[in-house]
1. Based only on the alpha carbon positions, what is the Kirkwood hydrodynamic radius of the stretch 13-53, in angstrom?
2. For SER33, what accessible area in Å² do you get when you roll a 1.4 Å probe over the heavy atoms of the protein chains, rounding to the nearest 10?
3. On a 1.4 Å probe surface of the protein chains, which of ILE28, ILE69 comes out largest in accessible area, and what is the full order?
4. Would you work out what percent of the accessible area of the chain, with all protein chains in place, is carbon or sulfur (probe 1.4 Å)?
5. In nm, to one decimal, how far is the ALA60 label point from the GLU88 one, both placed 7 Å along Cα→Cβ?
6. Just to confirm the filter: which chymotrypsin sites (Phe, Trp or Tyr not before Pro) across the stretch 1-63 are DSSP coil and have at most 16 other Cβ within 10 angstrom of their Cβ?
7. Taking loop as defined by DSSP and a crowding limit of 16 other beta carbons within 10 Å, which trypsin sites (Lys or Arg not before Pro) in the stretch 59-115 fit?
8. Give me the number: length gained by fully extending TRP105 to ASN32, i.e. 0.36 nm times residue separation minus the C-alpha to C-alpha distance, one decimal in nm.
Amino acid sequence: QVQLVESGGGLVQAGGSLRLSCVASGSIFSINSMGWYRQAPGKQRELVAAMFTGGSTNYADSVKGRFTISRDNKQNAVYLQMNSLKPEDTAVYYCTMRSFGRDYWGQGTQVTVSS
């Protein structure tokens, strides 16, 4: 069993910052990528940022320059530093991990940005 647990969500004013954390536990032998998706009310889930084996990253255009993804491979953890938050960043943020072609998801953490 693999479990992903997110933390760090909350309520913040526009222009503020939050740092999301996600730790994977269980039978983990190899991680191809870890990342973050988000889903706002009435919208589809979308990729926010991902980090791949070797350190390459991929960001949604809407968060480039504001969000930074990082990983701690020893801890099987991934982080998302979110700066200059905007009301349109309000969503449930999900941690995801890909291992041996299978995707695992966390339960999600709510991020609310007030104007």
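The values are calculated or read from the model by the stated rules, or taken from the named source; none is laboratory data. Everything numeric in this text was worked out from a predicted model, so none of it was measured. Glycine gets a Cβ as well: all are built from the backbone with ideal geometry, and neighbour counts include every protein chain shown. For accessibility, only protein heavy atoms count, side chains too; no ligands or nucleic acids. Shrake-Rupley method; radii C 1.70, N 1.55, O 1.52, S 1.80 Å.
1. By the Kirkwood definition, the hydrodynamic radius is 12.9 Å.
2. Counting only protein heavy atoms, SER33 exposes about 20 Å² to solvent.
3. ILE28, ILE69
4. Carbon and sulfur: 45 percent of the exposed surface of the chain.
5. In this crude spin-label approximation the distance works out to 1.0 nm.
6. Qualifying residues, ordered by number: PHE29.
7. Of the trypsin sites (Lys or Arg not before Pro), the ones in loops of the stretch 59-115 whose Cβ has at most 16 other Cβ atoms within 10 Å are LYS64, ARG66, LYS74.
8. Going from the current span to full extension adds 24.9 nm.
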